[in-house]
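Each remark here refers to the structure printed beneath this line.
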Amino acid sequence: IDASNLMRNGYSVDHQKLFNYLKKRFNADIFYFGAVFVGDYYYQHDFTKNDYLDLEAVKQFAKDQSKNKEEKEKIGKQIRFINKLNSFGFSANIKPLKIMPNGKRKADCDVNITVDGMANLKNYDKFILFSGDGDFLPFLRHLREKKKEIEVYSFGRNSKGNSTAKEIRHFLQGNWHDLEHKDYKNRLKLG
């Protein structure tokens, strides 16, 4: 699951419902890739050793180092959310959120999803991707060449004007599922 793609498009997804749906339908291992705001901890994280965060270290850093109460609360809230995901059964792979000089925020998990998928190619017969990013097309092509089943779930056109890359929809044909469809919306929407 590409968290940024899931969370910035369409409706708010109930993560517990999503986990239950995937477990019941596919009995799958469910990997969740995302990024969280970590304040100045971003500069402490050693990217040369690990892409993913030690959430306890982030929490401790915020507690000990951050003078900004709002920042501490934001970091704490995000960590509680990730811990909740893990308690549902997700395997959360969380990176520090990049904040660009222009203020734009980037999670940059596409490469991590691809690399982890490639590393685990022999462990799975089927890959289910929650993202409509066109960047995944080479990975999806490779999966097909390796005779892996593929399904992609993402938001098609939605009220925010976002859409799944047409090349993804065309490549997968019947194995692309629009999360805007009422069946998915009724099953997965928060509330």
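The values are calculated or read from the model by the stated rules, or taken from the named source; none is laboratory data. The shown structure was predicted, so the numbers you read here are calculated from the model rather than taken from an experiment. Neighbour counts are summed over all protein chains in view; Cβ atoms, including those assigned to glycine, are modelled from backbone coordinates with ideal geometry. The protein model used for the area step is the full one, side chains on, heavy atoms only, and it has no ligands, DNA or RNA in it. Shrake-Rupley method; radii C 1.70, N 1.55, O 1.52, S 1.80 Å.
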Practice problem: Evaluate the following for A62: is it of a type in the set (A, V, I, L, M), in contact with a Cys (Cβ under 9 Å, 6 or more places away or on another chain) and at pLDDT below 95? | Solution: no
Quiz item: What is the one condition in (1) touching a residue at least 12 places away in the same chain (Cβ under 8 Å); (2) in a loop (DSSP other than H, G, I, E, B); (3) more than 19 Å from N86 (Cβ to Cβ) that D40 does not satisfy?
Solution: (2)
Quiz item: Is it the case that some residue within the range 34-42 is open to solvent by 70 Å² or more (accessible area, probe 1.4 Å) and either at pLDDT below 90 or farther than 21 Å from D108 by Cα (or both)?
Solution: yes
Practice problem: Enumerate the pairs (first residue in the range 1-13 and closer than 17 Å to A35 by Cα and among the charged types (D, E, K, R); second residue anywhere and open to solvent by 10 Å² or more (accessible area, probe 1.4 Å) and assigned to a helix (DSSP H, G or I)) with beta-carbon separation below 8 Å, excluding pairs fewer than 6 apart on the same chain, so at least 6 apart or on different chains. | Solution: D2/D110; D2/I113
Quiz item: Within the range 162-175, is there a residue that is among the charged types (D, E, K, R) and either touching a residue at least 40 places away in the same chain (Cβ under 8 Å) or outside any helix (DSSP H, G or I) (or both)?
Solution: no
Practice problem: Confirm whether D29 is open to solvent by less than 80 Å² (accessible area, probe 1.4 Å), charged (D, E, K, R), touching a residue at least 12 places away in the same chain (Cβ under 8 Å) and under 26 Å from D116 (Cα atoms). | Solution: no
Quiz item: Quick one: which strands (runs of 3 or more DSSP E) sit completely within the range 55-155 and have at least 1 residues that are without any contact (Cβ under 8 Å) to a residue 60 or more places away in the chain and open to solvent by 50 Å² or more (accessible area, probe 1.4 Å)?
Solution: 149-154
Exercise. Filter the range 89-109 down to residues that are at pLDDT 95 or above and among the charged types (D, E, K, R), then give me how many there are.
Key: 1
Practice problem: Give the residue, chosen from S12, S4, that is among the polar types (S, T, N, Q), within 11 Å of the chain's Cα centre (by Cα) and open to solvent by 20 Å² or more (accessible area, probe 1.4 Å). | Solution: S4
Practice problem: Taking S131 as meeting all but one of (1) closer than 27 Å to F37 by Cα; (2) over 15 Å from the mean Cα position of the chain (by Cα); (3) not acidic (D, E), write down the number of the exception. | Solution: (2)
